[in-house]
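> Could you have a look at this structure, given as structure tokens, before my questions?
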Amino acid sequence: EIGGSVVNVAVMLRGQLPIQVVAKLEEPTKGAAPVIRITSTDLGQTREIRTMADLAQRSDPTRWSALAESALVLAGIVPSDPKASLANWLETLGGGLSLTIFSAVPKGSGLGTSSVLGAAAIHCLDRVLGRARSQQELFAASSALEQMLSTRGGWQDQVGGVVGGFKIARTQPGSTQQPSVESIAVPAPFLHELHARSLLYFTGERRMAKNILENVVWNWLVHEPRAVKAVERLRTNAERMRNALAAGDIDATIGELTQYMKRKRQIDPGSCPQSFDDLAARWKDELSAWCFAGAGGGGFMLLIAKDAHAAEALRTKIDRDPPHPRARAFEFEVDQVGLRCAVV
């Protein structure tokens with residue numbers, strides 16, 4: 001109804017690209033029908049698709065292979081008609097296909113995992129078919145994939161992963177949301193300080209953003225006063241954050257991050273569990289600012305310490321006495337490139 005403005009950044013984890021997709025056309029075994037093989041290397045699972053019936057549950061986001069299956073349909077590797085013959089379709093394609101996905105980030109992390117993985121899968125499958133989408137078309141396709149999965153995602157996460165570095169994406173009012181992206185040139189000294197003072201902390205708690213997003217939309221539709229006011233202020237908040245980053249102003253950046261947290265709580269108080277506040281209180285001596293990643297409710301937190309020494313002390317505390325068995329602290333590493341594809 002009013003359009004949006006979002007500032008986000010592409011990141012790496014431990015120096016590695018956290019999401020990778022590999023696709024390969026395969027000649028069918030003589031006398032055998034072609035098959036599609038989906039493999040998740042991080043989960044250690046493989047699924048074979050031989051008929052359209054094998055794709056009947058692809059809209060269930062709780063299934064590990066659902067995103068890959070939906071990407072196959074959206075990219076045209078398999079037909080959308082459930083009554084079509086998959087074997088005939090694949091013969092026209094020239095054979096079967098292996099699709100391998102890897103994610104070093106768990107679902108429900110708040111880092112836009114499913115959206116970025118969806119964009120990577122679509123881009124990879126397009127290249128297999130010898131087809132290329134524009135950046136805008138890829139944003140639209142990955143948004144459509146979210147709807148196919150019924151996860152209710154928007155456009156901001158895939159923009160964050162596809163386009164490297166810091167950026168602000170804006171949309172205008174209208175039913176068709178087409179984000180225009182402006183990269184933010186962040187001064188090198190500022191980036192060095194931010195890297196030294198910041199941690200990405202995985203709480204160990206996972207959540208599905210779908211439920212939080214439904215609450216957010218509901219509060220907007222019923223014109224809940226606090227939510228409406230917060231949405232309007234979030235756009236201004238994003239623009240001010242863009243200016244703070246471009247100016248290399250760390251104090252202003254921290255201030256806008258704090259304001260962002262307040263607005264998110266106004267839209268949906270349930271987006272920030274009490275456990276997040278408890279952690280922030282536990283680390284108050286080291287922290288200047290913090291926020292949850294994505295829709296909230298679990299997953300990652302961005303922690304900005306008072307200085308580099310405080311950041312190291314914070315990391316030591318987390319490593320020595322993790323609040324959750326799966327809790328981990330990562331360096332804040334900016335990926336300046338974003339989506340990339342190699343053909344071998």
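The values are calculated or read from the model by the stated rules, or taken from the named source; none is laboratory data. None of these values were measured; they are calculated from a predicted model. Neighbour counts are summed over all protein chains in view; Cβ atoms, including those assigned to glycine, are modelled from backbone coordinates with ideal geometry. Side chains included, ligands, DNA and RNA excluded: accessible areas come from the protein's heavy atoms. Shrake-Rupley method; radii C 1.70, N 1.55, O 1.52, S 1.80 Å.
> Compute the acute angle (0 to 90°) between the alpha-carbon long axis of helix 113-128 and the principal axis of greatest extent of the alpha-carbon atoms of the chain; round to the nearest 10°.
It is inclined by approximately 40 degrees.
> At a Förster distance of 45 Å, what's the computed FRET efficiency of Ala104 paired with Ile2, Cβ-Cβ distance as r, to 0.05?
For R0 = 45 Å, the calculated efficiency reads 0.80.
> Based on DSSP H runs of at least 4 residues, each adding -39500 (n - 2.57), what is the mean residue ellipticity at 222 nm of the chain after dividing by all its residues, to the nearest 500 deg cm²/dmol?
Here the helix-only value at 222 nm equals -13000 deg cm²/dmol.
> Separate question: Report the semi-axes of the equivalent ellipsoid for the stretch 66-224 in whole Å, largest first, where each axis is √(5λ) for an eigenvalue λ of the Cα gyration tensor.
Semi-axis lengths for the stretch 66-224 are 31, 21, 17 Å.
> Another one. Give the relative contact order (percent, whole number) for the chain; include only Cα pairs under 8 Å separated by 6+ residues.
Taking the mean separation of contacting Cα pairs over the length of the chain, I get 23 percent.
> Moving on to the next point. Once you list every other residue whose beta carbon is under 12 Å from the beta carbon of Glu286, what net charge do they have if Lys and Arg are +1 and Asp and Glu are -1?
Residues near Glu286 contribute +3 overall.
> Whole-Hz ³J(HN,Hα) for each residue in the stretch 46-53, computed from phi via Karplus 6.51 cos²θ - 1.76 cosθ + 1.60 with θ = phi - 60°, x for glycine and proline: what do you get?
Along the stretch 46-53, the couplings run 9, 9, 9, 10, 10, 9, 5, 5 Hz.
> Ok, one more. For the chain, take the longest principal axis of its alpha carbons; what is the angle in degrees between that and the long axis of helix 225-247, to the nearest 10 within 0 to 90?
Orientation of helix 225-247: about 80 degrees from the principal axis.
> Under a crude label model (7 Å from the Cα following the beta-carbon direction), how far is Lys262 from Val334 in nanometres?
That separation, rounded to one decimal, is 2.6 nm.
> Same structure again: Does the stretch 51-141 come out rounded, prolate or oblate, given a ≥ b ≥ c as the square roots of the eigenvalues of its C-alpha gyration tensor, rounded meaning a/c under 1.5 and, failing that, prolate meaning a/b above b/c?
It comes out oblate by the Cα gyration axes.
> Between Asn219, Asn88, Asn237, find the one with the highest GNM mean-square fluctuation for the chain; connect C-alpha pairs within less than 10 Å.
Fluctuation is largest for Asn88.
> Can you list the lysines whose alpha carbon sits under 23 Å from that of Lys229, skipping same-chain ones fewer than 8 residues off?
Correct list for Lys229: Lys210, Lys262, Lys264.
> Could you give each residue of the stretch 91-104 its phi-based ³J(HN,Hα) in whole Hz, using Karplus coefficients 6.51, -1.76, 1.60 with θ = phi - 60°, and x for Gly or Pro?
Along the stretch 91-104, the couplings run 5, 5, 5, x, x, x, 8, 10, 10, 10, 10, 9, 9, 7 Hz.
> Evaluate the distance, in nm, between pseudo-label points positioned 7 Å from the Cα of Lys284 and of Leu25 along their respective Cα→Cβ axes.
So the label points at Lys284 and Leu25 sit 6.3 nm apart.
> Oh, and also: Can you give me the % of accessible surface on the chain that is carbon or sulfur? Probe 1.4 Å, all protein chains present, nothing else counted.
Carbon and sulfur: 52 percent of the exposed surface of the chain.
> Sticking with this structure for a sec: Compute the distance from the alpha-carbon center of the stretch 179-231 to that of the stretch 25-48, in whole Å.
Each part reduced to its Cα centre gives a spacing of 37 Å.
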